[in-house]
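The structure appears below as structure tokens.
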Amino acid sequence: MPDDIDRAQGVNEQLQADALEAWRRRQSTGPGRTDCEDCGEAIPEARRKARPGCTRCIACQRKLEWIEGRK
Ligand SMILES: [Zn+2]
């Protein structure tokens, strides 16, 4: 029944799109910080503008991504 499979796939894609959208909303409307939540250093305004809702300075974000990348 190709129709059912198409429909199931469509629902699945919609769920993923919704989850992504919710995630994006959390990222962009987070409390927004002026200081890094890891080291407490000030986050440059340029970075906060480029990455609204970011909570870490570039150094800590890089470290985090490096750790994540090694998993
Ligand atoms: Zn930091």
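The portion of the accessible surface of the chain made up by carbon and sulfur, rounded to a whole percent, is 52 (1.4 Å probe; DNA, RNA and ligands excluded). In the chain, the DSSP-assigned H stretches of four residues or longer account for a calculated mean residue ellipticity at 222 nm of -20500 deg cm²/dmol, using -39500 (n - 2.57) per stretch and the full residue count as denominator.
For the chain, the longest principal axis of the Cα atoms and the long axis of helix 2-28 meet at an angle of about 20 degrees.
Calculated from the alpha-carbon coordinates, the chain shows an Rg and a Dmax of 17.8, 58 Å respectively. Sorting 62-68, 33-39 by their mean Cβ neighbour count within 10 Å, with the most densely packed peptide first, gives 33-39, 62-68.
The mean sequence separation of alpha-carbon pairs under 8 Å and at least six residues apart, normalised by the residue count of the chain, gives a relative contact order of 25 percent. Placing pseudo-labels 7 Å out from each Cα toward the beta carbon at residue 17 and residue 71 gives an inter-label distance of 2.7 nm. Rounded to the nearest 10 degrees, the angle from helix 58-69 to the longest Cα principal axis of the chain is 40 degrees.
For the pair residue 42 and residue 5, the difference between a 0.36 nm per residue extended length and the Cα-Cα distance amounts to 8.2 nm.
The values are calculated or read from the model by the stated rules, or taken from the named source; none is laboratory data. As the structure is a computational prediction, the values presented were derived from the model and not from experiment. Every residue, glycine among them, receives a Cβ derived from its backbone with ideal geometry; neighbour counts consider all protein chains shown. Side chains included, ligands, DNA and RNA excluded: accessible areas come from the protein's heavy atoms. Shrake-Rupley method; radii C 1.70, N 1.55, O 1.52, S 1.80 Å.
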